[in-house]
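Structure first, commentary second.
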Amino acid sequence: MKEVSDLTVLVADGGLFLPFARRLAEDCKRVIFWNPDRRAFPSIKQGCIGRGLPDIETTLDFWDVLDEIDLACFPDIGHSGLQGHLRDLGIPVWGAGRADRLELDRELFLDQLGELGLDVPEFEVVEGLDELRRYLEDKEDQYIKVSRWRGDLETTHWRNWKMDSGWLDWLAESLGPLKDEMRFLVFPNIDTPLEIGGDTYCVRGRWPRVMLNGLEHKDTTYFASVTQRGEMPDQIQEIMEAFGPLLVDAATQWSMEVRVKGEQAFFIDATVRGGMPSSASQQLLWTNFAEIIWAGANGELVEPIPDAKFSLECMVSAKSHKDCWDVVELPPELERWVRFSNCCMVDGCYTFPPDEFHHGDLGWLCAIGDTPRQVLDAAKGLADQLPDGLDANLENLTGLIKEIEEGEAKGIPLTPQPMPEPAEVIED
């Protein structure tokens, strides 16, 4: 195989995993970013993603550069057929391939849980919005999900009819004439405060010996400890052992959220790609990140080499109008620690087109260190340097620390090292 430093890499992504491309560019000769999102009436808002960034190139058509690339990367799900075709052409591919069905098809995923002998959460499949109205009329504290069409509906918490029936009216307008063709999966809340997680990668069914024992809080904050796989919670190890044989054709990142109630452990959703959060942590912690990707695409499992023992990620958000472009002039000392998605660069400024799905959410601030307190202090120092108008949501770490303490009380510690007190998060 070629040396990593001699590689020309194609990264196919809509913009969410732009930091993945830029991380590879730190070690590879060339990285070419291709946004496959093409419509009948193209817009510069979609075509600009990645443009102007000093460390990567962009192309509007990957066929134009196909003969130049050594490696093709698909850090998100989708395009499994194209991944297979490129492999048939002899091009190494990093991507989930057909395993993306575990994330795209929730009913298939739940069936797989049962076939693998893992705990399956209680759920009901409801066909069409009219039937969903009838089903939810007397229900409280439910979670509603759909397969594949996340752009139409992300996981939604149903509190009760009195509080949320208006949401059904909005959904009817949003889905229009297709509202009764949608299949909804409705899950009663799993009443437990205990959630555990793990973030790693898989190469043809095999897992590295070192991974991240990580937890997130409300999609805004993430804390992880570099952990030996054999020291991960038993529930996490059982899931990885069970799913490995289903990933024998994949080379991809893998993320797990597991809710633990008594003796049961419910694997909530399969994430057959880089987690958001957790991706920035792996890009910063694994000093040989590019080597992991290159070897994995060739079917070889390379162990990660950690640069620190802990990581912390906080969502960076902007306060702006939903139809306006966000423009950020980032201080040079923050470049390594802030991972922006869905943007281009104009006149030295990160520029974010209006985005209905990620309005105001620009990326992740990430800190690493060898103790939890060291990581917190680093994150606070970095957050203080953010330009005016940006917020790192660091205060949400207080809730995450409480979750970590609850896990420790239940005999599932995240780390033997002491965590900072929640009050320390908001101290100046």
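Residues in segment 71-86 that are open to solvent by 30 Å² or more (accessible area, probe 1.4 Å) and assigned to a loop (DSSP other than H, G, I, E, B): ASP76, ILE77, HIS79. Counting only helices (runs of 4 or more DSSP H) that fall entirely inside segment 102-194 and contain at least 1 residues that are among the acidic types (Asp, Glu) and closer than 30 Å to MET240 by Cα, the qualifying elements are 106-115. At least 3 residues being under 26 Å from ASP307 (Cα atoms) and either touching a Phe, Trp or Tyr at 6+ places or on another chain (Cβ under 9 Å) or open to solvent by 20 Å² or more (accessible area, probe 1.4 Å) (or both) is the threshold, and among the strands (runs of 3 or more DSSP E) wholly inside segment 324-428 those reaching it are 338-340, 361-369.
Report yes if some residue within segment 153-171 is open to solvent by less than 30 Å² (accessible area, probe 1.4 Å), in contact with an Asp or Glu (Cβ under 6 Å, 6 or more places away or on another chain) and modelled with pLDDT of 95 or more; otherwise report no. The answer is yes; a qualifying residue exists.
When the residues of segment 291-308 are filtered to those that are in contact with a Ser or Thr (Cβ under 9 Å, 6 or more places away or on another chain), in a loop (DSSP other than H, G, I, E, B) and not hydrophobic (A, V, I, L, M, F, W, C), the one that is surrounded by the fewest Cβ atoms within 10 Å (Cβ to Cβ) is ASP307. GLU313 meets the conditions (1) under 19 Å from the mean Cα position of the chain (by Cα); (2) open to solvent by 10 Å² or more (accessible area, probe 1.4 Å); (3) of a type in the set (Asp, Glu); (4) at pLDDT 95 or above in every case but one. The failed one is (2). The number of residues in segment 195-230 that are of a type in the set (D, E, K, R), under 15 Å from the mean Cα position of the chain (by Cα) and part of a loop (DSSP other than H, G, I, E, B) comes to 2. Taking each residue of segment 331-355 that is in contact (Cβ under 8 Å) with a residue 40 or more places away in the chain and looking for partners that are acidic (Asp, Glu) and buried (at least 22 other Cβ atoms within 10 Å of the Cβ) with beta-carbon atoms closer than 8 Å, six or more apart or interchain, yields THR351/ASP326. Among the residues making up segment 93-107, those that are among the charged types (D, E, K, R) and within 26 Å of ALA290 (Cβ to Cβ) are ARG98, ASP100, GLU103. Annotation note: Cβ proximity below 6 Å between a residue of segment 245-270 that is within 14 Å of ALA99 (Cβ to Cβ) and a residue that is in a strand (DSSP E or B) and open to solvent by 10 Å² or more (accessible area, probe 1.4 Å) (sequence gap 6+ or interchain) occurs for SER255/THR271. Residues that are more than 24 Å from the chain's Cα centre (by Cα) and over 19 Å from TRP161 (Cα atoms) within segment 81-124 comprise HIS85, LEU86, ARG87, ASP88, LEU89, GLY90, ILE91, GLY114, GLU115, LEU116, GLY117, GLU122, listed in sequence order. Take THR200 and tell me if it is closer than 27 Å to GLY407 by Cβ, of a type in the set (S, T, N, Q) and open to solvent by 60 Å² or more (accessible area, probe 1.4 Å). So THR200 does not fit the description; no. Tallying residues that are touching a residue at least 40 places away in the same chain (Cβ under 8 Å) and buried (at least 17 other Cβ atoms within 10 Å of the Cβ) within segment 87-109 yields 13. Can you find a residue that is under 26 Å from PHE289 (Cα atoms) and assigned to a helix (DSSP H, G or I) anywhere in segment 309-320? Checking segment 309-320: not a single residue is under 26 Å from PHE289 (Cα atoms) and assigned to a helix (DSSP H, G or I).
Annotation: GLN237 fulfils all but one of (1) closer than 22 Å to ASP361 by Cβ; (2) free of Cβ contacts under 8 Å to residues at least 12 places away in the same chain; (3) touching a Gly at 6+ places or on another chain (Cβ under 9 Å); the unmet one is (1). In the set (1) surrounded by fewer than 19 Cβ atoms within 10 Å (Cβ to Cβ); (2) over 29 Å from GLN112 (Cα atoms); (3) modelled with pLDDT of 95 or more, HIS321 fails one condition alone, (3).
The values are calculated or read from the model by the stated rules, or taken from the named source; none is laboratory data. Since we're looking at a predicted model, the values are computed, not measured. Note: ideal-geometry Cβ built from the backbone for every residue, glycine included; neighbour counts use all protein chains shown. Note: accessible area is taken over every heavy atom of the protein model, side chains too, but ligands, DNA and RNA are not part of it. Shrake-Rupley method; radii C 1.70, N 1.55, O 1.52, S 1.80 Å.
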